[in-house]
1. Kindly work out what percent of the DSSP beta bridges joining two residues of the protein assembly as shown are antiparallel, to the nearest 5.
2. Take every Cα pair under 8 Å in region B:3-181 that's 6+ residues apart, average their separations, divide by the length, and report that relative contact order as a whole percent.
3. Given axes a ≥ b ≥ c from the Cα gyration tensor, I'd like to know whether region C:230-318 is rounded (a/c under 1.5), prolate (a/b larger than b/c) or oblate.
4. Share of antiparallel DSSP beta bridges in chain B, in percent to the nearest 5?
5. Quick check: from the Cα gyration tensor, does region A:16-319 come out rounded (a/c under 1.5), prolate or oblate?
6. Give the peptides A:270-276, A:152-158 in descending order of average Cβ contacts within 10 Å, highest first.
7. Given only helices, namely DSSP H runs of n ≥ 4 each adding -39500 (n - 2.57), what is the per-residue ellipticity at 222 nm of chain A, to the nearest 500 deg cm²/dmol?
8. Listing A:His263, C:His210 from the residue with the fewest other Cβ atoms within 10 Å to the one with the most, what is the order?
Amino acid sequence: MATDLTLGPHKAAIPPDAEHLERDDRVALLRYMLLMRMIEERAMKLYRQGRVPGSFYDGFGQEAVSAGPAFAMGPEDRLCILHRDLAAHLVRGVSPTRILAQYMGRSGGPTEGRDGNVHFGDRSLGCVGMVSMLPDMMLVATGMAMAFRLRGEARCALTWVGDGATSRGDFHEAMNWAGVQQLPVIFVLENNQYAYSTPLSLQFAVDPVERARSYGFPGVRVDGNDVEAVFEATRQARERALAGGGATLIEAITMRMHGHAAHDDMRYVPDELLARWRERDPIERQERKLVALGVDVEALSAEVLKEVDAAAEAALAMPMPDVATVASGVFCDGEAEALGDGKAPWSRFRQVSNA
Amino acid sequence: MPEMTYLQAISDALREEMRADERVFVMGEDVGAFGGAFKVTDGLQDEFGSDRVMDTPLAESAILGTAVGAAVVGLRPVCEMQFADFISCGFDQLVNVAGKMHYRQGLAVPITVRLPSGGGFSGGPFHSQNPEAWFMHSPGIKVLAPSTAEDAKGLLISAIRDPNPVCFCEHKHLYRRVKGEVPEGLYETPMSARVARPGSDLVVIAYGAMVWSALEATEDLDGASIEVLDLRSLVPLDEAAILDSVARCSKVVVVDEANATCAAGAQVAALIAQRGFEDLDGPVVRVATPDVPIPFSPPLERAVLPQVDDIKEACRELLAY
Amino acid sequence: MPQMGVSVAEGTVVAWHKRVGDWVNADEPLVEISTDKVDTEVPSPASGRVLEILADVEQTVAVGGLLARIGTDAVAGDPHPDEHLNGDSGDASPPSTQPEPAPSGQRGETAKAHSHHSPVVQRIARKEGIDLDRVSGTGRGGRVRKQDVLAFIEQRSAEPSNGSSQAPLHSDSPYREDTGERPAPAQPPVAGSGEQVERLSRMRRSIAEHMLHSLQVAAHCTSVSEADMSAIETERELLGLSYLPFIARCVIDALQAHPSLNATLDGEQLTRHRDVNLGIAVSLGEDGLIVPVIHRAQELSHQGLATRIGELAERARSGRLSPDEVHGGTFTITNPGSFGTLMSTPIINQPQVAILDLEAVVKRPVVVTDGAGRDSLAIRPMSYLCLSWDHRALDGALAAQFLGTLRRRIERWGDV
């Protein structure tokens, strides 16, 4: 994905851990993170203005955890995306306008008002929308991977899962199934330190990443606020999967900087913890890297903001859903259509159509 | 036309459909090498291999969840719950993931879930249930319950071909006790009701094993002409057929082997009370298992499951009304 | 007031960042609120001038409630207010929904009353016009079952049709066993003499004089005809009236056809009257008899006559008739028939020329001839019409014609 930004006079050497990323890719990663953050900030304002009904969740401070892995996915790969992983939707090609329409329950969003906040997935872009019982999606991803293996296809499935979700039985069933069948599935465990108000110390006795081995596949820990590191870990996992090496659990360590939802003021989180993580903001870190490469990040920011403003205006103009349709679509009446392919903006996929 | 048991008919459906459609595959506990707890899938793995007749870990939630995943990327999984009772372990995946997916996302989930249901053989509380009402109550899930061998094959084929999640309630008690002529090859039975025996004085509405009990109870009952309506499909429910039987017979007995409260028969009774009111010549009578876990000891089990005499008694009383 | 969380229902204003008259930019913090879950700033949804603040600090407002109004027409520096803020528009039109129609049964019409008949039995009965009281039930407790109604219909269609279904007829027959009243026990004789002597009352003397006088001056004849009351019967029963108002109406019609009987004779002067001033004899029990008059009775329908007769009778019995109401009659009807007498020879009410006496209506076997001339026996409610007339003023033929007309009007009641 090209940008109009010109190179500055100081072009730094490409660091070894980003050898698979070209400059445009690295800018793209920042762009997706900025887009996610600005959409969420905008949506939060709309929420406070009473225009977003229900609850509002965001992934502030965790943008790298969804932008990185999604960026490593090919068009034929399939994703199950959770509520703090908005960047993944953006990478796959869902427009900001539709996302904001989705938050506001408008017609024209991906669920046409039938589900709220980030409970959506554009099936034409290969994304499965989440359910609120979060670890359920691990099994769906495992099933998709199982189908790929049955058909001998070089594809993988990826899902995110939170630290809290690892406590439920579906986590175990998915890990076990993926391990016993050696499936091409990647579980990105976004460990953001809290499940609502429950800290890790009350959630599990042994960190899930250390337990992956007992299911028969590797667990990899990575800095969740370094988007290129998360990308790289996912890229490697995908390569392994496609080569028949089975599943990977990637634990991305990050911090949930906002409350569980907009209605949560997270007074249970110690201030010094937040202060420490504020210094490790993923967007700022990527910006610093790119500034060193001569990229005009401010211009990029301004451009993204303009895009989000335009999207908000367009979304606000979209109508509410027609109540006459409320009971339609409970069942599929025609042919079952499988998930479609999504966008794959990483330059390695450029030979694949990338409209 | 070959004659086969209800169980063989189900087997036959799987075999024929898997031959015709390479997307179809079977998954469940002990279904592969062992041929299934009831031998429904016996011989299938030899023909189709272990990928298409898959022995899964003991994990109902995973069986259903991975089936959803496989279905949304183009396969047609037929999951088996070893006993219908165990569906509760996968309830979340079936009701919240599979059932709601199309409504929310426009994404079809073409899975079939085979549920060996019902009691009558001292299976006890965890091997005798009829859980269909839980799924009638969950939007987005179809529920079928054949009573004959012919319908077992045809409805399973219909279920596999349907683009929606379908619970296929096969009654364990009928596996080897019911035999019938079953057409060869592939055919689909419509998801509608069937008049098992026409009549005019009273109609008994039932499904699954209770259809046979109803037929036996009313074959020669004081010379009365008693119709038996086999629902076959609970979702979609064949309202037109139900109301037509009521219009002609005016007296109705609804039989459930499931626990009475909110069973399928309760929905049928409510439908009749509201839309068949002017055709009624007596109250809508229900015969159902009381709200008790199905007990193990034979006299206890017999005391709770509707018996032929219970149906007879209910019909007699209503006829005299 | 925004909803900060699914279960939040209200918020409290903590602080206003703007005052009335201040300019505020879109997204600029406008007010701080506190809810159960979180304290937060509310950014302004639009740029404009704050026109009105509707919620004070410390005030709790329900979600959706109005907090402030911002004039978006305003230009910074320009003080004109207009539009409303935060969802609730001031002129929200009241919901104009009709009340939901009650869920109706699919058949449309509701079944009628009988609580002991099942819906299908009622429906069939309604459709086939069957009186369910006539259907015997074979269900529990004698309940009419569907098959009972169906059997009834089958049986009915097997019988030859005999015209309209006959409702039971009036049957004040004198031949019927007397099941009701017993005559009052006779007064015990006065101890001692065994006889009771009293002078006639004033009314009795008056009646006695009048009756004797009438017999002395008029050449009394009585002609009798009989009439089949069945045509009147249905409507009579439906309205809950006696025969009298119907007969009265028929009499009026007959008098208009034969005006010689609507006349008074004074010596040799005969006056035929235009109006029918119909006298109706009212018994006052042992005290006697009085004849109130319905003036211009021809203007009244049978129902009007019924009402008038009732009024007059009531006033007569309570002694409240005015002199006008007992004078000026041109024809009189007397109707003692409810006691079962069949025929009578009434005495003319002077100076009128005729009087009609109505006696009992009795069910009798009669010969009826159908259109093709075939005779058959039928049971009909018959009554004798007894006309006493003054041979000075008219002859038997006219009397007979009058009776013929009267009878025809009675028997063809209801014919257009």
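1. 50 percent
2. Computed over region B:3-181, the figure is 27 percent.
3. Oblate is the answer for region C:230-318, as a/c is 1.5 or above yet b/c matches or exceeds a/b.
4. Details: 8 of 41 bridges.
Taking every DSSP beta bridge with both residues in chain B, the antiparallel ones total about 20 percent.
5. rounded
6. Details: A:270-276: 10.6, A:152-158: 20.6.
Peptide ranking by packing, descending: A:152-158, A:270-276.
7. -12500 deg cm²/dmol
8. Going from least to most buried by this count: C:His210, A:His263.
Throughout, read-outs are computed from the coordinates displayed, never taken from laboratory work. All figures in this text were calculated on a predicted structure; none of them were measured in a lab. As a convention, Cβ positions derive from the backbone with ideal geometry for all residues, glycine included, and neighbour counts pool all protein chains shown.
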